[in-house]
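S.K.: Quick one: this structure, given as structure tokens, is what I'll be asking you about.
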Amino acid sequence: MNSDEFKKRTKAFALRVIRLVGALPKSREAGVIGGQLLRCGTSVGANYRAACRARSAAEFIAKMGVVEEEADESAYWMELLLEAGIMKEIHISGLLTEANEILSMVVASIKTARR
């Protein structure tokens, strides 16, 4: 997957996160977790774009490390929504799978860049 395709994929991920957070129940718990998910889920694509503009391999690796952290955190908050019973699996499983796929690709990219 080239960088333009991955930019589109991470933006689509952010848009799906926005829609998911908008569909959360209006409870205190959902609001707190939703806010965290909204921040990290939308940050994945923004930080990937920044990584694409890196001026060196070291800067690219560092910025991709942030993308990795944000994708992993997104998965964490979605897992909490499921395990706390705030959101049903049918509504979140596809997006959680996407978070984990993005995470895997980012980790592979970082490993390649380090070589």
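Any read-out appearing in this document is the output of simple, stated calculations on the displayed coordinates, not a laboratory observation. Since we're looking at a predicted model, the values are computed, not measured. Reconstructed Cβ throughout: ideal geometry from the backbone, glycine too, with neighbour counts over all protein chains shown.
S.K.: Summing +1 for each Lys or Arg and -1 for each Asp or Glu, what net charge is found among the other residues whose Cβ lies under 14 Å from the Cβ of I33?
M.R.: Counting the neighbours of I33, the net charge comes to -1.
S.K.: L15 versus S104, label points 7 Å from Cα toward the beta carbon: distance in nm?
M.R.: Roughly 2.4 nm, to one decimal.
S.K.: Another question, if that's okay. If you take the charge dipole of the chain about its Cα centre, with +1 on Lys and Arg Cβ and -1 on Asp and Glu Cβ, which of A54, H91, A30 is farthest toward its positive end?
M.R.: After comparing all options, I get A54.
S.K.: So, one more: When a footprinting reagent is the concern and you count Cβ atoms within 10 Å, what order do R49, R115, R19, R55 take, fewest first?
M.R.: The fewest-first ordering by Cβ neighbours comes to R115, R55, R19, R49.
S.K.: Next question. On a C-alpha basis, how far is the centre of region 30-60 from the centre of region 90-115 in Å? Whole number, if you could?
M.R.: Computed from Cα coordinates, the inter-centre distance equals 13 Å.
S.K.: How large is ³J(HN,Hα) for each residue in region 110-115, as worked out from phi by the Karplus curve 6.51 cos²θ - 1.76 cosθ + 1.60 (θ = phi - 60°), to whole Hz, x for Gly and Pro?
M.R.: 3J(HN,Hα) across region 110-115, in whole Hz: 5, 4, 5, 5, 6, 6.
S.K.: For a paramagnetic label modelled at 7 Å from the Cα of A50 toward its Cβ, which residues of region 59-79 fall within the zone defined by backbone nitrogen distances under 16 Å?
M.R.: 59-74
S.K.: Also, I was wondering about something else. Does anyone have the angle between helix 57-83 and the longest principal axis of the chain? Alpha-carbon axes, 0 to 90°, nearest 10?
M.R.: That works out to roughly 10 degrees.
S.K.: Further question on the same structure: Could you list L80, L95 so that the one with the fewest beta carbons within 10 Å of its beta carbon is first and the one with the most is last?
M.R.: Ranking L80, L95 by Cβ neighbours within 10 Å, fewest first, gives L80, L95.
S.K.: What are the ³J(HN,Hα) values, in whole Hz, obtained from phi via the Karplus relation 6.51 cos²θ - 1.76 cosθ + 1.60 with θ = phi - 60°, for each residue of region 20-28 in sequence order, with x given for Gly and Pro?
M.R.: 3J(HN,Hα) across region 20-28, in whole Hz: 4, 4, x, 8, 5, x, 8, 10, 4.
S.K.: If you compute P(r) over Cα pairs in 5 Å bins from 0, in percent for the structure shown, which of (1) 2, 11, 20, 26, 22, 12, 5, 1, 0; (2) 2, 13, 24, 23, 15, 11, 7, 4, 1, 0; (3) 2, 11, 16, 14, 13, 11, 10, 8, 6, 5, 3, 2, 0, 0 do you land on?
M.R.: Here P(r) over Cα pairs in 5 Å bins from 0, in percent agrees with entry (2).
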